[in-house]
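Data block below; observations after.
The values are calculated or read from the model by the stated rules, or taken from the named source; none is laboratory data. Note that the structure is predicted; figures quoted are calculated from it, not measured. Here Cβ is always computed from backbone atoms with ideal geometry, including for glycine, and neighbour counts include all displayed protein chains. SASA here: full protein model, heavy atoms, side chains in, ligands and nucleic acids out. Shrake-Rupley method; radii C 1.70, N 1.55, O 1.52, S 1.80 Å.
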Amino acid sequence: MALRLPRIGTSQIVALALILAANWVVSPQFFDIRLQDGRLFGSLIDVLNRGAPVALLSIGMVLVIAMRGIDLSVGAVMAICGAIAASLADSHPLPVVLAASLGAGLACGLWNGLLVAVLRIQPIVATLILMVAGRGIAQLITEGRIVTFTSPELAFLGGGSVLGLPTPIVLTLAMMALTLLIVRGTALGLMIEATGGNPRASALAGIGTRLITVAVYVWSGLCAALAGIVASADILGADANNAGLWLELDAILAVVIGGTSLFGGRFSILLAVVGALIIQAMNTGILLSGLPPETNLVVKAVVVLAVLLAQSPRIGAQIAGLGVLFGRSRSRRRS
Amino acid sequence: MRSLARLTPVLATTAVFLAGFVLCSLAYPNFASLRVVMNLLTDNAFLGIVAVGMTFVIISGGIDLSVGSVIGFTTVFLALAIERWGVPPLIAFVLVLVLCAGFGAAMGAIIQYAELPPFIVTLAGMFLARGVSFLLSTESLPITADLYTHLSDHALRLGGGARLTVPAIVMLAVVIGGMVLLHLTRFGANVYALGGSRAATGLMGINVARSTVLIYTLSSALAGLSGIVFSLYTSSGYSLSAVGVELDAIAAVVIGGTLLSGGYGFVFGSFIGVLIQGLIQTYISFDGTLSSWWAKIATGLLLFAFIAFQQLTLHLARRSRRAPAGVRP
Amino acid sequence: AELTIGFSQIGSESGWRAAETTVSKAEAKKRNINFKIADAQQKQENQIKAIRSFVAQGVDAIFLAPVVATGWDAVLKEAQEAKIPVVLLDRDIDPAGKNLYLTAVTSDSVHEGKVAGQWLVKTAGGKPCNVVELQGTVGASVATNRKKGFEDGIAGASNVKIVRSQTGDFTRAKGKEVMESFIKAEGGGKTICAVYAHNDDMMVGAIQAMKEAGLKPGTEILTVSIDAVPDIFKAMAAGEANATVELTPNMAGPAFDAVIAYKTKGTMPPKWIQTESKLYTQADNPMAVYESKKDLGY
Amino acid sequence: MLPTAPLPPPAAGHKPQQDASQQDAPLLQVTGFSKSFAGFVALDGVDFTLHPGEIHALLGENGAGKSTLIKTMTGVVARDAGTMRLAGAAIAPRSAEEAVKAGIATVYQEVNLAPNLSVAQNLYLGRQPTRFGLVREGEMRRRASALLAGFGLSIDVGAPLETYSVAIQHIVAIARAVDQSARVLILDEPTASLDAQEVEVLFAVMRQLKARGIGIVFVTHFLDQVYAVCDRITVLRNGRLAGSAPIAQMPRLDLVRLMLGRELSEATARRSHAAAGPAGADVAVFTGLGKAGYVAPFDLTLRAGHVVGLAGLLGSGRTETVRLVFGAEPADAGTAEVAGRRVTLTCPREAMALGFGYCPEERKTEGIVADLTVRENIVLALQAKRGALAPLPRREQDAIAARFIRLLDIRPPDPERPIGLLSGGNQQKALLARWLATEPRLLILDEPTRGIDVGAHAEIIKLIRDLCRQGMALLVVSSELEELVTYADEVIVLRDRAHVVRLTGDAVEVSAILAAIADAPAGAAAAA
Ligand SMILES: Nc1ncnc2c1ncn2[C@@H]1O[C@H](COP(=O)(O)OP(=O)(O)OP(=O)(O)O)[C@@H](O)[C@H]1O
Ligand SMILES: Nc1ncnc2c1ncn2[C@@H]1O[C@H](COP(=O)(O)OP(=O)(O)OP(=O)(O)O)[C@@H](O)[C@H]1O
Ligand SMILES: [Mg+2]
Ligand SMILES: [Mg+2]
C-alpha cells in the first residue's frame, strides 16, 4: 500500500476558481473574450496579462525561498532593468537592449547571491540592501523622470501578442517552461529541496550548496529583469519611482499561497504561478467591483486570509480526519 | 567565557555604531553635539519601540509585518477618538492599546492554530490594519487636545538646544523593560526556546500556544504604543503614516545581531540597530547634497558597510576565541 | 554672506516631483544660494528628522514640501525657537500651524480639480456624460483635494456624473490597469464619456489602455488631468488628450525671493503666495509647450 | 555481552514470582491505544500497565511503535482510541505540558531541548526559580550544576546547550525529566548515545527513583541493559502488543523471538581475527593530520578490506577525527595521501570525489532531509557525486531505493514516504543506504548502529563485514565496544582529543580498549 500523502495543489486551484467565480458575480462580462486587433481581449486575459510580472517574479522567488532564502530586492531590480531597457530602446537594437537589461538583472542577482553565500549575511538583510539602493540606482538611470521610448520591438514585449496571446503571458509561460526544464530536468530541483530542507546534511552529502545558493539568486535576478522589461514595455516607458514597488511582497505571497514553505524544502513553480494568478484575480476583481478604493486593502486581507486558512495544514488535517471517520464508519458497517 | 561570547554580535554592533558616530563627527563640525544625539533618540523613538516588540517576535522564530500599519491605524484611531468622538486622550490610549493587543493576539492565534507562516499572516494583518485606517479616514487629522500640546512641549532641556523628549523617554523605558522581560523572566526564556526549537519547546512542557499568542500580542501592543508616540510626535493621525516601518524595524533588529531564523538576539542590539539607521539618515541629511537617488544608494551602501563590518568583527572575534578554548571544555 | 537653505523634499515619486527638485536647484544656483535637499522617501517622520537636522546644522531658512497637512507643530516650533524661518512649498499645512511658518508658496489643489471639472462641464455642453475617475494614492491629501475640487466643479451640472472611481496610485502602470478594468466594466468603454485623472501620468497610462481597447481617447472619450507634464502635451498634440491643469514646478523661485527679502530687508511676505493653475487644451499649441518643458527634469 | 553484566539483584520487596499487579494498584494503566498516520496503523489496541516502583522495559523492533505509544501517552500525538488512568484516575493529556502537570515526565527519542538556551535554562525551562517574577540566574545555575553533578557531569551550565555533544545533551534531557518526575518517568532510548560509564550512572539514578516509588518506562535496544535494571518487559511488534511479563519469566531467547516474531539467526558471533582477509592496498594515508583546538595531529592508514575502529569516551575527539578525514572540517596541519597521490581535503565534495563516504552521527541535524522521501534521501549523495547536470533517471532511482530498502529492511518499505515520518532506526538505515549507494572506497561510519534494533543490528554488522570483504576500507566510530571488536582489525583509542593507543590484531579486546580509555597501562588491564 502506498502511503503517499496527497499532493498539494487542489486547494490552490479551488481558490483560483472560487475567486474567478466571485469576479464573474461582480462583473458578468468577466469571462467574455473577444479578438481585438488580433489580440485576445477580456477581463480573464487581463488577469493573466497583469499577473505576468508577479508571476515572473514568483518563478525566481520560489527557488530562493526553497533554499531558505528570500529576495526583497526583486521590485528594485525590476525598476533597474526596466530603466535600462527604456533608456537604450530607441538608440540600440533589441538584442542589445535585452542583453543589457538581463545582464543587469544577472549582476544584481549575483550581488545578492554573493552576500548570502559568501559573506553569509542573512538573506532578508542582504537583499534589503539592494531593495533600498536598487531603486536609487534605477532613479539614477532615469534621473527620477519617466523615460519613454517609441521602439516598436520593445513595445511588442508589453503590448504585442503571439497567436492572440499578449506577449507578457507568452514570456511568462516560456520562462516557466525554461525554469521547469532546468530545475526538474536536472537534479538541481532535488538539490535545492535538499539544501533548503537541511543545509548541513546536504553539504555533508556533497552538494555544492554555495554555488546553488548563488545560482538561485541569479535566477531570481534574471526573472526580475524580465518582469522589469515587461513592465516598461507595457507603459512604453520606465517609471523608476514606481515600477515594481512592493511587488516583492506580492511575489512572496504568491509563493506561499503556492504551498512552498518559507522554511525551505519542497517547492512548486507551477503552484507559485497559480498563486500569482490568485493575487491578480483578486486585484482585478476589486477593480471591476466598483467598490471605493478605501476598501481595497480590507478586501485583499480578508481574501488572502481565507485562501490561506483553507490551505492550513491543521484545517486540511481536520478535513482528512473527517474522511477517515467516514471511511471507518463505513468499513465498520461492512464488518 | 562562553556565555560572554554570545554578546559578541551586540558588542560588534555597538562598536560599529560608535565608530560611525565618530566618523560623522569628524566630517561635520555640528554633528558631535548633545542635540544631535537627543534628536536621534526622539526621531527614532517610535521605531525603537516597535523594534523591541519585533525583537521578541524574531527571536521566537517569527516575524511581524503588520507593525507599520498598526502604527498608522493607531494614529487615525486616536485622532478620531480624541477629536471627533470626544474621548479623553488617556482613555483613548488605553482603548487603542487594548485593540492593538487584541489584533496581535488574533494574529498569534491564527499562526498557532492554523499553523500558517507568520510572514503571511502578519502580511494579511498589514493589509487589514492599513485598510481599516483608510476606512476610518483618508484625511490627515490634527489632534489638538491639551495633553498633546503639553506632552510635546514637555521635555528635559539639556542645554545647547538638546531636549530629552517624552517619546525618547518612553522608548528608553520600553527598551529597558524589554531587556528585563526578555532576559530575566520565564517568558523571555520561552521566547528563546521557541526560536531554538518549536517542537522541542512543546515537548519540554511549555505552553507553546500561549507563548506564541503572547509574543504577537506584545508586538502589536508595542506597535500601538509606538503609534501613540507617533501621534504625539506629529500631533495628528494619518492613515498613510509609518508605511514601511516594519522593514526598518526588521533591519534594525537584524543589524543589532539578532538571527532572523530565531533563537539568538538582544533587545539592546536592536536599540543600537535603530540608532545606526538613524545615524545613516542624519548623515545623509547633514550632507544635503545627495539627490533622492543618491540618498537611497548611499543608504544601501552604508547599510552594507555596517553589516559587512559587523560580519568582519564577528569573524575576527570568533577566530580569536576558538583557538585557545576549543569546541568543548 | 551666501545663504544656506535646507529643503525637506517629499521624495521622487513622480516626474513632476523630480522636475520640482531640478527647478529648485537651478533657481538656487541662479541666486547663489547654498541649497541642501533632504529626500524623505514619502515619509513624514523622515521630513521631521530632516527639519530637526537642519535646525541642528543652523541653516538660514528651511523649505518644506509637507507630505501631509498635519503634525508639523512641534518641529516647526523648534525651528521657530531657533529663529529659522520656514517656507512651505507646493502644499499647505493644517490651519493651526499658520503662525509657525513665514509663507507658503503653493497651488490650490482643490482649485485645480475645480478647473478640471469646470472645463469638462463646459466641454460636455449639457449632454449626459459619464465620467470615470482615476484617483491618486488613497489617503494622499492631493488626491482628496483634487477629487473634492472636481466634484465641486461638476456640482452644478447634473448631466456630468462620476460612475466609477478607483485609485491608480498616481502611476502610469496602475492608471493603465485600472482603466482596462473600467473599460470592461463599462461595456467595452461605450458608456464612458470622459476620464478624469488626478495626475497626467495615470492619464498617459489610461490613454494607452483606451487605444489598446480600440477606443479613441481625445475624440470618443474626453480626457482631463492635472500637472501638465511634458508627455501629456505630446498626447494632446496627437489629439489623444484634451486638457490638463498646470501645477508649476517652480515653487522655490518665489520662495527664495521671499526669504531673501525677509533676511536682507526684513520684508514680511504675504502668508500665501499662490501659483497659477493654468488650463491647457489642444488649442494651446501643445507641441510648443512640450518643447519648453521637456528639459525641466520631468 | 557486557562483560560486567550481572544478573539484576532482586529488588527489595519485589518477588519476581509474584506478578506485581496482584501486589499493588497500577500506577499507570493504558488500555486499547490505537493510532494511525494517514492510513498507516502505528498502534493497534495496545495495553500497557506500569506499577509504582517498577522499571518497565518497552521493547520492539525499529518502527514497532514504541515512540508512538509514548507520544500518545503524553498527548504529543493525538490518539485515535484508548483510555488511560494514572493512579486510578482517568487522565487524557493533550500536550506535553498537561502530561508534565499530571506527573509524567518524558525524555523523547530525539534530543528535544532548545539548543540555543544555556544548559541551566534547558534544565529549568518553565520552572526557573524566580523572585518578583525575575529568574534567579545564579540560583538556577547553582541548582543546575548540583543536579548534573548527580550524573557525574561537571560542565559550564551557562554555555549554550548546542556547544556540547549529543551525549551531554542527552544527559541534560534525562536530568531535566528526572528532576521533574513526580510519578512516572518515561525514557525513550536514553542510552543510545551514552557510553558504559554514563549508562551506569543513569542506572544508579533510576534505581534511586524506583526506590522512591516512581514508575519508569525504559526503551532501549540493548538487551543487556534490560536485564540489568528492569523488572518487567512489554514487547511491541508491528504496532500490536506482542507480550508482557516479569523479567524472570522472559529469558533472552524468548524475548528476541517475541520481538522479531522469528528466531534471530546468528546474532553477533565473535569475529575470528584469523579470518580477516589479507591487508589490501592503502586507500588513504594521513600523516600528522590535525587542527588546533579541535583534535591533536594523528597518523592514520586506511586499507582496503580493513576496518579501523575509533574508541573513546564521549568528547574524546572521535567525531572530530572523522570530520577531518572527510574534509567536513578543514585541517590546519598534516598531509593526506589517497591512492598514492597527495591531496588536500577542504570540503566533503572533494572527499567524495576521492571515493570517501561519511555517515554522520547526528542524523536529525546532519543526516536526513526530513521533507524529502526515502528514495530522494537515499540517492542524494550519489546524485551530488554525479553532479546536478547528470540526473539519475527516475527508473534508476527507484531501483536503487528498492534495492536498499530490501537489503536493509527499511520499514515501512515505501520509497515515497517522507523520511521524517520513519522511526529513528529506519532513518538510520536509509542514511547508511545513502552512502552505500555511492559505492565508496572508504566509508566512514559514526555510530552506525545507534538506535537500531537487535535484528537490524546484526544485519548492519554483517553488512560491515561484507563490505570489508569486498575491499572497502572502513573507519568506524562506535561506543559499543563489544560490537566494535567483532569487526575491527585495528582500534584506535582516543582521549582528550588525541589518539593515544593503537591496538591491532589479537590485541583488539574489550578489556584492552577499556584499559586504554581509562588511562591504565594496557598490560595491567589485560592481567586484571
Ligand atoms: N508522524 C508520523 N506520520 C506518519 N507515520 C509515522 C509518524 N510517526 C511515526 N510513524 C510511523 O509509525 C511507526 C512507528 O514508529 P515509532 O517511532 O513509534 O517506532 P519505534 O518503535 O519507536 O522505532 P525505533 O526503535 O526505530 O525508534 C513507524 O513505521 C513510523 O514510520
Ligand atoms: N565544526 C563542527 N561543526 C558542526 N558540528 C561539529 C563540529 N565539530 C564537532 N561537531 C559536533 O559536535 C560534537 C562534538 O563531538 P564530540 O566531542 O562529541 O566527539 P566524539 O568523540 O565523537 O564524541 P561522541 O561520543 O559524542 O561521538 C560531535 O557530535 C560533532 O558532530
Ligand atoms: Mg522510537
Ligand atoms: Mg561523536
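Couple of notes before you dig in:
- For chain A, the 222 nm mean residue ellipticity estimated from helices alone, with every DSSP H stretch of n ≥ 4 adding -39500 (n - 2.57) and the total spread over all residues, rounds to -24000 deg cm²/dmol.
- Value of relative contact order over chain B, rounded to a whole percent, pairs C-alpha under 8 Å and six or more apart: 35 percent
- Taking 15 Å as the straight-line reach from the Cα of C:LYS263, the aspartates and glutamates in range (excluding those fewer than 8 positions away in the same chain) are C:GLU2, C:ASP60.
- Note: relative contact order over the range B:179-308, using C-alpha pairs below 8 Å and six or more positions apart, is 20 percent.
- Debye intensity ratio in log₁₀ form over the Cα atoms of the range D:267-527, taken at each q of 0.08, 0.17 Å⁻¹: -0.31, -1.38
- Take the Cβ atoms of D:LYS462 and D:THR504, set R0 to 30 Å, and the FRET efficiency comes out at 0.85.
- Structure-based [θ]222 nm, chain B - -39500 (n - 2.57) summed over DSSP H runs of at least 4, per residue, nearest 500: -24500 deg cm²/dmol
- A Förster radius of 56 Å, combined with the Cβ-Cβ distance separating D:SER34 from D:SER511, puts the computed FRET efficiency at roughly 0.70.
- The distance between label points at C:THR4 and B:ALA15 comes to 3.4 nm (points 7 Å beyond Cα on the Cα→Cβ vector).
- Association of chains C and B removes close to 3000 square angstrom of accessible area from solvent, both sides included, for a probe radius of 1.4 Å.
- Legend: residues in the range A:169-188 shielded by at least 10 square angstrom of accessible surface upon adding the remaining protein chains to the isolated chain (1.4 Å probe, heavy atoms) are A:GLY185, A:THR186, A:ALA187, A:LEU188.
- Surface per residue (accessible, 1.4 Å probe) for the protein assembly as shown, Å²: 36 Å²
- Taking amide H as placed 1.01 Å from N in the peptide plane, C:THR167 has its amide H under 5 Å from the amide H of C:GLN135, each at least 5 places away in sequence or on another chain.
- DSSP bridge pairs, the range C:204-298: antiparallel proportion in percent, nearest 5: 40 percent
- DSSP beta bridges fully contained in the range D:267-527 are about 55 percent antiparallel.
- Partner lysines whose Cα lies under 20 Å from the Cα of C:LYS148, excluding those fewer than 8 positions away in the same chain, are identified as C:LYS114, C:LYS122, C:LYS161, C:LYS278.
- Most tightly packed first, judged by the mean number of other beta-carbon atoms within 10 Å of their residues, the peptides D:336-345, B:243-252, B:216-225 read B:216-225, B:243-252, D:336-345.
- Residues in the range C:194-233 that a label on C:ASN130 would reach, taking backbone N under 15 Å of a point 7 Å out along Cα→Cβ: C:194-196, C:221-222
- Applying both filters, DSSP loop and at most 13 other Cβ atoms within 10 Å, to the trypsin sites (Lys or Arg not before Pro) of the range D:18-102 gives D:ARG94.
- Remark: relative contact order (chain A) = 32 percent; criterion is Cα-Cα distance under 8 angstrom and separation of 6 or more residues.
- Accessible-area composition of chain A, carbon plus sulfur, in percent [1.4 Å probe]: 71 percent
- Accessible carbon and sulfur surface of the range B:5-318 relative to its total accessible area, %, 1.4 Å: 73 percent
- Annotation: amide H-H contacts under 5 Å for C:ASP90 (H modelled 1.01 Å from N, sequence separation of 5 or more, or interchain): C:VAL105, C:THR106, C:SER107.
- Simple rule: put +1 on each Lys or Arg Cβ and -1 on each Asp or Glu Cβ in chain D, find the dipole, and look at D:PHE298, D:PHE33, D:GLY317; the Cα lying farthest toward the positive end is D:PHE33.
- The mean count of C-beta atoms from other chains within 10 Å of the C-beta of residues in D:297-304, rounded to a whole number, is 0.
- Whether chain A is rounded, prolate or oblate, judged on the alpha carbon gyration tensor where a/c under 1.5 counts as rounded: oblate
- For the range B:5-318, the extents of the C-alpha atoms along the principal axes are 56, 55, 36 Å, listed from largest to smallest.
- Annotation: amide H of B:GLY256 within the under-5 Å range of B:GLY273, sequence separation 5 or more or interchain, hydrogens built in the peptide plane.
- Using the rule -39500 (n - 2.57) for each DSSP H run of four or more residues, divided by the residues of chain D, the 222 nm mean residue ellipticity is -10000 deg cm²/dmol.
- Once each of the GluC sites (Glu not before Pro) sitting in a DSSP loop with at most 14 other beta-carbon atoms within 10 Å is removed, chain C keeps C:3-219 as its longest stretch.
- Residues C:LYS77, C:LYS83, C:LYS36, C:LYS161 ordered from highest to lowest accessible area at a 1.4 Å probe: C:LYS83, C:LYS161, C:LYS77, C:LYS36.
- The alpha-carbon of D:LYS462 sits under 26 angstrom from the alpha-carbons of these lysines, leaving out residues fewer than 8 places away in its chain: D:LYS66, D:LYS364, D:LYS429.
- Using 0.36 nm per residue and subtracting the Cα-Cα separation, the extra length available between D:THR346 and D:GLU98 on full extension is 84.4 nm.
- Residue range of chain A that is longest and free of trypsin sites (Lys or Arg not before Pro) which are both DSSP loop and sparsely packed (at most 15 other C-beta within 10 Å): A:121-335
- Label point distance in nm, D:ALA339-B:HIS150, each placed 7 Å from Cα along Cα→Cβ: 8.6 nm
- Karplus-based coupling profile of the range C:4-11, in residue order and whole Hz: 10, 10, x, 10, 8, 8, 5, x, with θ = phi - 60° in 6.51 cos²θ - 1.76 cosθ + 1.60 and x standing for Gly or Pro.
- Across the range D:506-511, coupling constants 3J(HN,Hα) worked out from phi with the 6.51/-1.76/1.60 Karplus curve, θ = phi - 60°, read 6, 6, 6, 9, 4, 5 Hz, and Gly and Pro carry x.
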